[in-house]
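A.B. asks: Once you've had a glance at the structure underneath, I'll fire off some questions.
The values are calculated or read from the model by the stated rules, or taken from the named source; none is laboratory data. What you see is a predicted model, and the numbers here were worked out from it, not measured in a lab. Cβ: placed from backbone, ideal geometry, glycine included. Neighbour counts: every protein chain shown.
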Amino acid sequence: MKRTFKEKWMSQWQLQVMVWPSIILLIVFSFIPMFGLITAFQDYSPLTGFFASEFVGLDNFKAFLGDSDFYNVLTNTLAISLLKLLIGFPLEIVLAILINELRAGPFKRVTQTISYLPHFLSWVILGGMIISWLSSSGLVNSLLMSLHLIQEPLPFLTNPNAYWWVATLTDIWKEVGWGTILYLAAMAGIDPSLYEAAKVDGARKLKRIWHITLPGISQIIVLMFVLRVGSVLGSNLEQALVLQSSSNIQRSEVIDLYVYHLGLTQGDFSFATAVGIFSSVVSVILLLLANVLTKRIHNSSIF
Amino acid sequence: MRLERGEALFNICNKIFMVFFVAIIVFPLINILALSFNDGYDAMKGGIYLFPRKFTLINYKTILQDPTIYRAFSITVAKTVIGVAGHLLITGMAAYAMSKSYLVGRKVFIRMGIITMFFNGGMIPTFLVVKSLGLANNFWVYIIPVLFSFYDMIILMNFFRNLPESIEESAKIDGANMFQIFFRIVFPLSLPAFSTIALFHGVYQWNDFFVAKLYMTDKSLYPIQYYLYQLLTSTGAASSAKAGVYISKAFTTQSLQQATMIITTLPIMLVYPFLQKYFISGMLLGGVKE
C-alpha cells in the first residue's frame, strides 16, 4: 500500500500551505541573491542586468587585490576585531565568573539586568551618545580635566589614531554584559557538589574557580572563540557608519562599510561584490582553521 | 578560619568591582539624560555629569514641535508591530509544519536552510534583488525580507517537538484541522518560545536603521532611528538649517540630538525590565543569538 507522492501531499495539504510561504521567502531573499554573486565576475551594469553583462573573469578580484585602499581597509578591520578579541573576549569570561560568585539576591539580579542593558541600545543611539561623551565639552574630557590628567580636551573622534580604541572600547561597553549570558548558563549547570567537595579538601576560591568553574565552561569558551575568529572580517558596519567622519575615515573604513561605499554610493556593484565574496570566503576558512586548531589543543570542536 | 577570611575579602572586592562596573554602564546614560534637560549653550562649557546645570525643557519642546518626528515614530511602531506579528505567523507556521517528521519535502527544506546559514549573497546582490522586487521606497521592505528566519524556525520547531502529543491527538479526533490546532492549541502552549522570538525581532525592528538607509529616499517612510541617524550625521549646514527653523538661544544641535536619543530609547527602557526573563530563556533556547 505505498501511496504516491501526490496522495501523500494532498493528505497533508494544510501543513504544506503553512510551510510554503517560508520556502518562497527563503528562495527569494537567500538563494536568488546567491546567484547574484555572479556579478563579481562580470562588468555589471544595472542597465544590462545579470544576464547580458560582460564576463570579465577574475578582473574584479585582481583589481582590489592590487589596490592599496583595500589593504588599509583590511588592516582597520583586523585591528579592531583583534583588539575586541584580545580584550573583550577574556573580559566576558572574567565578568561571568565574578557575577557567578555573587550570592543570589537582589544585588546580583540588578547587576545582571544592568549589564545586559546596553546590548538593547541601537548603534545609532549609542553612536550619538558616544559623540556626546567624547566631545570637547563632554563627559570624558570634563572628567579628565577636572582630575588634571589633561590640560586641553582630547579630540577622540577626529583623531584618526584614536579610532581603533574608540571602536573597540565602545563595542566592549555595549556587549560585555550580554556576552556573559551563555557562560552563566553553563556555570549554572555545574554540579554544586563539586564545589562542596573542593571546599572540604581546603581548596581556596581561586583554586575552585580554576579547577571547577573554568573546566565546566570550557566547551562554551571554545565555541565562542571559534565563532569569534570566524567573524574577524565581519566588521561592525553600523558602528562604523555612525562614528565615521571625514577626519577619521583613514582608520574607520572597515570591510563591510567599504563594500557599501563602493557598491551603493559609487555604484560599482561588481567590484563591491568581489570584495564581499573575498571576505566571506576568508571567514569560512578562518572558522574551519580555528575549529581544527581548538580540536588539536582542547580536543573539542564545534563541527 | 583563614580560609573564610580570604573568602570574605574576595566577596567584598567582588561587590566593589560590580558596583564600579554598574556605574560605568549607568553613569554615561544618566549623563545623556542630564544633558537632554540642560540648556544647550550652557552644556558647551562642559562639566555636566549626572544633573542638569541649567534646567530647561526647551530641547524636548522643540523636537516635539517637529511633525516629522511623530511620523517617524509611528513608522517605527508600525514596522515593529506588523513585523513581529508577521514574523511569528510565517515562521511559526513553518516551524509547526516542519515539526512533523512526515512532512513531504522536510529534509530538502532543512538542507536549504543550513546552506543559507553558511553562505549568502551579501549586501550588494541582496540589494539588487530587493530593489528589483519594487520594495525600494516601500513600507513593506521593513517587513517582508525578514518575515522568515531559519534560525527562529529551528528554535520554535524544537519547542513544538517537546509538546505532549496527546493534546493534539485529541483535538484531531474532535475534528480540528491543522490550522485550528496550530492557532488554538500549539500557539498558546508555546507562548514562552514565541515571546522570546517576538522580543528579539521586536528589538531588531525597533533599532534597525540600515534597511532605511539602503532602500528609503522617501522621508515620510523614515523610521525614528534613521531620523536620528540623519540628525547625527548630517553635516553642519544641513543640521543647523534644520534647527534654524526655531531660532533660540537655549538649544544646540547637540542638545536636540540628546533629547531625541532619550525619546527614542525610552520605549525600550520601559519594557526592558519586564522582558528580561524572556531573553534569558531565549538565549538558552537558541544558544547563540545576536
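A.B. asks: Select from segment B:11-34 the residues that are aromatic (Phe, Trp, Tyr) and at the interface with chain A (Cβ under 9 Å from one of its Cβ atoms) and list them in ascending order.
C.D. replies: Within segment B:11-34, B:Phe17, B:Phe21, B:Phe27 meet the criteria.
A.B. asks: Check whether at least one residue in segment B:169-176 is of a type outside the set (Phe, Trp, Tyr), over 30 Å from B:Leu232 (Cβ atoms) and either in contact with a strand residue (DSSP E or B) (Cβ under 6 Å, 6 or more places away or on another chain) or within 12 Å of another protein chain (Cβ to nearest Cβ) (or both), and report yes or no.
C.D. replies: Yes, some residue in segment B:169-176 is of a type outside the set (Phe, Trp, Tyr), over 30 Å from B:Leu232 (Cβ atoms) and either in contact with a strand residue (DSSP E or B) (Cβ under 6 Å, 6 or more places away or on another chain) or within 12 Å of another protein chain (Cβ to nearest Cβ) (or both).
A.B. asks: Another question, then. Out of the residues in segment B:70-109 meeting the condition of being free of Cβ contacts under 8 Å to residues at least 24 places away in the same chain and more than 11 Å from chain A (Cβ to nearest Cβ), tell me which one is surrounded by the fewest Cβ atoms within 10 Å (Cβ to Cβ).
C.D. replies: It comes out as B:Ser101.
A.B. asks: While we're looking at this one, here's another question. A:Asp43 - would you say it is more than 24 Å from B:Ile144 (Cα to Cα), without any contact (Cβ under 8 Å) to a residue 12 or more places away in the chain, away from every other protein chain (no Cβ under 13 Å) and not small (Gly, Ala, Ser)?
C.D. replies: no
A.B. asks: Across segment A:1-34, which residue is farthest from the chain's Cα centre (by Cα) among those that are outside any helix (DSSP H, G or I) and more than 9 Å from chain B (Cβ to nearest Cβ)?
C.D. replies: For segment A:1-34, the residue satisfying everything is A:Met1.
A.B. asks: Checking B:Glu4 against (1) surrounded by 14 or more Cβ atoms within 10 Å (Cβ to Cβ); (2) more than 10 Å from chain A (Cβ to nearest Cβ), which test does it fail?
C.D. replies: It is condition (1) that B:Glu4 fails.
A.B. asks: Examine segment B:198-212 for a residue that is of a type in the set (Gly, Ala, Ser), surrounded by fewer than 16 Cβ atoms within 10 Å (Cβ to Cβ) and over 21 Å from B:Met98 (Cα atoms), and state whether such a residue exists.
C.D. replies: no
A.B. asks: OK, next. Mind listing whichever residues of segment B:41-100 are part of a loop (DSSP other than H, G, I, E, B) and among the small types (Gly, Ala, Ser)?
C.D. replies: Passing the criteria: B:Gly46, B:Gly47, B:Ser99.
A.B. asks: What number goes with the only condition from (1) in a helix (DSSP H, G or I); (2) of a type outside the set (Phe, Trp, Tyr); (3) over 22 Å from B:Phe200 (Cα atoms); (4) touching a residue at least 12 places away in the same chain (Cβ under 8 Å) that A:Ala197 does not pass?
C.D. replies: Condition not satisfied by A:Ala197: (4).
A.B. asks: Can you report the number of residues in segment A:108-150 which are surrounded by 19 or more Cβ atoms within 10 Å (Cβ to Cβ), in contact with an Asp or Glu (Cβ under 8 Å, 6 or more places away or on another chain) and more than 7 Å from chain B (Cβ to nearest Cβ)?
C.D. replies: Matching residues across segment A:108-150 total 1.
A.B. asks: Of B:Phe183, B:Phe127, B:Phe159, which residue is in a helix (DSSP H, G or I), farther than 27 Å from B:Ile75 by Cβ and touching a residue at least 40 places away in the same chain (Cβ under 8 Å)?
C.D. replies: B:Phe159
A.B. asks: Scan segment A:64-123 for residues that are out of contact with any Phe, Trp or Tyr (no Cβ under 7 Å at 6 or more places or on another chain), among the hydrophobic types (A, V, I, L, M, F, W, C) and farther than 23 Å from A:Asn236 by Cβ and report the count.
C.D. replies: 7
A.B. asks: Sticking with this structure for a sec: Of the residues A:Gln239, A:Gln250, A:Gln244, A:Gln219, which single one is under 22 Å from B:Tyr229 (Cα atoms), surrounded by fewer than 19 Cβ atoms within 10 Å (Cβ to Cβ) and not aliphatic (A, V, I, L, M)?
C.D. replies: Of A:Gln239, A:Gln250, A:Gln244, A:Gln219, the one residue that is under 22 Å from B:Tyr229 (Cα atoms), surrounded by fewer than 19 Cβ atoms within 10 Å (Cβ to Cβ) and not aliphatic (A, V, I, L, M) is A:Gln250.
A.B. asks: Another question, then. Yes or no: segment A:199-213 includes at least one residue that is charged (D, E, K, R), loosely packed, with under 14 Cβ neighbours inside 10 Å and within 12 Å of chain B (Cβ to nearest Cβ).
C.D. replies: Yes - at least one qualifying residue is present in segment A:199-213.
A.B. asks: For segment B:130-156, name all the residues that are away from chain A (no Cβ under 14 Å) and either closer than 18 Å to A:Pro46 by Cα or in a loop (DSSP other than H, G, I, E, B) (or both).
C.D. replies: Once the filter is applied, which keeps residues that are away from chain A (no Cβ under 14 Å) and either closer than 18 Å to A:Pro46 by Cα or in a loop (DSSP other than H, G, I, E, B) (or both), segment B:130-156 yields B:Asn137, B:Asn138.
A.B. asks: Restricting the search to segment B:186-212, which residues are within 18 Å of A:Met18 (Cα to Cα) and in a helix (DSSP H, G or I)?
C.D. replies: B:Val186, B:Phe187, B:Pro188, B:Phe194
A.B. asks: Does A:Leu233 satisfy being assigned to a helix (DSSP H, G or I) and either of a type outside the set (Lys, Arg) or at positive phi (or both)?
C.D. replies: Answer is no for this residue.
A.B. asks: Just give me the residues in segment A:234-260 being within 11 Å of another protein chain (Cβ to nearest Cβ), touching a Ser or Thr at 6+ places or on another chain (Cβ under 7 Å) and modelled with pLDDT under 90, in sequence order.
C.D. replies: Within segment A:234-260, A:Gly234, A:Ser245 meet the criteria.
A.B. asks: A further question on this structure: Can you find a residue in segment B:196-216 that is facing another protein chain (nearest Cβ under 9 Å), at pLDDT below 90 and farther than 29 Å from B:Gly134 by Cβ?
C.D. replies: The answer is no; no qualifying residue exists.
A.B. asks: Let me confirm something: among A:Asn60, A:Asn100, which residue is polar (S, T, N, Q), farther than 30 Å from A:Thr213 by Cβ and over 24 Å from the mean Cα position of the chain (by Cα)?
C.D. replies: A:Asn60
A.B. asks: Something else: How many residues does segment A:90-107 contain that are surrounded by fewer than 18 Cβ atoms within 10 Å (Cβ to Cβ) and at pLDDT 95 or above?
C.D. replies: 3
A.B. asks: As an exercise: evaluate B:Met117 against (1) more than 7 Å from chain A (Cβ to nearest Cβ); (2) in contact (Cβ under 8 Å) with a residue 12 or more places away in the chain; (3) surrounded by 15 or more Cβ atoms within 10 Å (Cβ to Cβ); (4) farther than 30 Å from B:Thr260 by Cα and give the number of the one condition it does not meet.
C.D. replies: (3)
A.B. asks: Right, here's the next one. Can you report the number of residues in segment B:244-290 which are among the small types (Gly, Ala, Ser) and modelled with pLDDT of 60 or more?
C.D. replies: So the answer is 5.
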